[in-house]
1. Could you size up the charge dipole of the range 525-597 around its Cα centre, putting +1 on the beta carbon of Lys and Arg and -1 on that of Asp and Glu, and report it in debye to the nearest 20?
2. For the range 194-325, what's the radius of gyration and Dmax over Cα atoms, in angstrom?
3. Cross-link partners among aspartates and glutamates for LYS16, C-alpha distance below 16 Å, same-chain residues fewer than 8 apart left out?
4. Could you list, in their original order, any pairs among LYS172/LYS264; LYS302/LYS536; LYS172/LYS291; LYS149/LYS172 whose Cα atoms are separated by more than 28 Å?
5. Cα centroid distance between the range 529-552 and the range 178-194, in Å?
6. Mind jotting down the distance between the C-alpha centroids of the range 261-282 and the range 323-396, whole Å?
7. Along the charge dipole of the chain, pointing to its positive end and built from +1/-1 on Cβ of Lys, Arg, Asp and Glu, which listed residue (THR513, ALA155, SER329) has its Cα farthest out?
8. Please find the FRET efficiency linking GLU91 to GLN240, where r is the Cβ-Cβ separation and R0 is fixed at 35 Å, and quote it to the nearest 0.05.
Amino acid sequence: MSTYEARLAALREQLKADRLDGFVVPLTDEHMSEYVGSYAQRLAWLTGFQGSAGSAVVLPEEAAIFTDGRYTLQVRDQVDGRHWSYQSVPETSVAAWLKEHARGGGRIGYDPWLHTSDWVKRAREALAEKGAELVPVRRNPIDAVWADKPEPSKAKLIVHPDVYAGKSSAAKRQEMGDWLREQKADAAVLSALDSIAWTFNVRGQDVEHTPVALSFAVVHEDGTADLFVEPEKMGEDVRQHLGNGVRVHGRDAFEPYLASLAGKAVVADPERAVAAIFEALEGAGARIVQKRDPSVLPKAIKNEAEIRGHRAAQARDGAALTRFLHWLSVEAPKGGVDELSAAARLHEFRQECGDLRDTSFDTISGSGPNGAIVHYRVTEGTNRPLEKNSLYLVDSGGQYPDGTTDVTRTVAIGTPTEEMRDRFTRVLKGHIAVARALFPNGTRGSQLDTLARQYLWQAGLDYAHGTGHGVGSYLSVHEGPQRISPVGSSQSGGDEPLRAGMLLSNEPGYYKTGEYGIRIENLILVRPVEIHGAEKEMLGFETLTFAPIDRSLIEPSLLSEEERRWLDDYHRQVIEVVGPQLEGEALDWLKAQCRPI
């Protein structure tokens, strides 16, 4: 019996002991995080799935795993199809599947610290139609059978200086207090880890790739706050930084504290706060005000200090990536470079550029057919050499105290085919269309998404992911609420109006299963644009990422004059930003790569 087969069997035995006829396993933690600490990796432990989004359902005789289009190939590689059926979101959902597969009268368990109230309501309604019941558990049954489950991180919090934050924590909390008074509310619960990090100007080391600390918080209308974090994680420097306006409690005190809010009007975010928080507030007799976490929008709209920091981080990161691309151009044609060694070398270049705290996600280092797996994660078992006449896709990023980076380049190893050049140029044209877009204030990301896809659509092609996501300031590489994605996609947020100061990725792609993948990604900043005679307040994008785009993959005849001008101007800026940080052969190579098309 394989490891994962044994784990599934052990969970089924535990469910029997708990008098449950099924259990739902999401990939998240009690903060609804995308990336989670090792203690919360229950889906990976149970199934082997290593992606960053998904969920599973275990019933007595069958089990299903649910992923979106980014993981269609990966989930089949990592999860055993003999024991799990593969379900595609949004075509189906956990609730819809349970309605079909749960037995009448069955008791399906869920952990209320790992789901939103909205999910609970939908799942409960779906099961009720079958005569089945959704049952909250006090102890997660996976934790009962996961013998060597890691402990939550004990790493200390870190002060995030105002020079990078651009605004003190006291000022942020005061603005939240003013907002709460406008809402006629007494307090707001913050449970999203990046919201807490941003509000208190602290960072942490508790989650890989995202510099956050495991904590909860309640901010009050007078600008004071209660922060719930393990005492051993608090150094004297952090206590002094937080000051008298922040009362610090143990993390275990959070749920009992909610009971003290009886009779108070409390803001809780239905998208970011788990069902257990809502249940505790309801049980306490608080009046719940369902509004978005008040840090979400100000966190997304970067201030001038954060923008300045991003520019500096992007410049260093661009130099590291360019050195890597030059190294690749020399070493890959010789043979001997594989996905793992390429990713390791890129990491070394980033470390050399200074002040790298972490990668912002696991580097996607995909050669040939592995590049067609959108969120591919190389392992010893999947590692491929970078072969001659193939494509190599590398999507990577760094966490620096002054900014978070995320960049993708696709490189031809040897001579690309005509088809590769055609597909790459169509992706490039979509990337340029987004980068050059001008749009009225109030435009939503979903309204811009087709700009990126139009040239692929003309050839009957597309890609199964959003075009852009928000990015944090030394925080989460995937930050809401803004996105550039189709309406109704599984990656929500495309309906958020874009505002000046928001940072997004611009990353159209094309993936030919079993052969190659293409993606071109830069980060872009929403900026006001002056247009003579304009009758509306207009916005556009400023590109912040600087690294050369592989000219051997570009088919110039497919580019318009405006597109050529954009590309030549972009490459001129690459030389201006990155060139002074290079010397010798690397600088000569960069100049050759960036000459006019």
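1. Numbers: 8 positive and 15 negative charges, 13 e Å.
Computed charge dipole of the range 525-597: roughly 60 debye.
2. Over the range 194-325's Cα set, Rg and Dmax evaluate to 17.8, 60 Å.
3. Cα-Cα hits under 16 Å: GLU61, GLU62, GLU133, ASP143.
4. Values: LYS172/LYS264 22 Å; LYS302/LYS536 23 Å; LYS172/LYS291 18 Å; LYS149/LYS172 37 Å.
In this structure, LYS149/LYS172 lie more than 28 Å apart at Cα.
5. Distance between centres, Cα-based: 35 Å.
6. What the calculation gives is 44 Å, centre to centre.
7. It is THR513.
8. On the way: r = 52 Å, r/R0 = 1.50.
The pair GLU91/GLN240 has a calculated efficiency of 0.10.
The values are calculated or read from the model by the stated rules, or taken from the named source; none is laboratory data. Predicted, not measured: the structure shown is a model, and the values here were computed from it. Ideal geometry is used to build each Cβ from the backbone, glycine not excepted, and the neighbour counts take in all protein chains shown. Accessible surface is based on the protein model in full, side chains and every heavy atom, while ligands, DNA and RNA are left aside. Shrake-Rupley method; radii C 1.70, N 1.55, O 1.52, S 1.80 Å.
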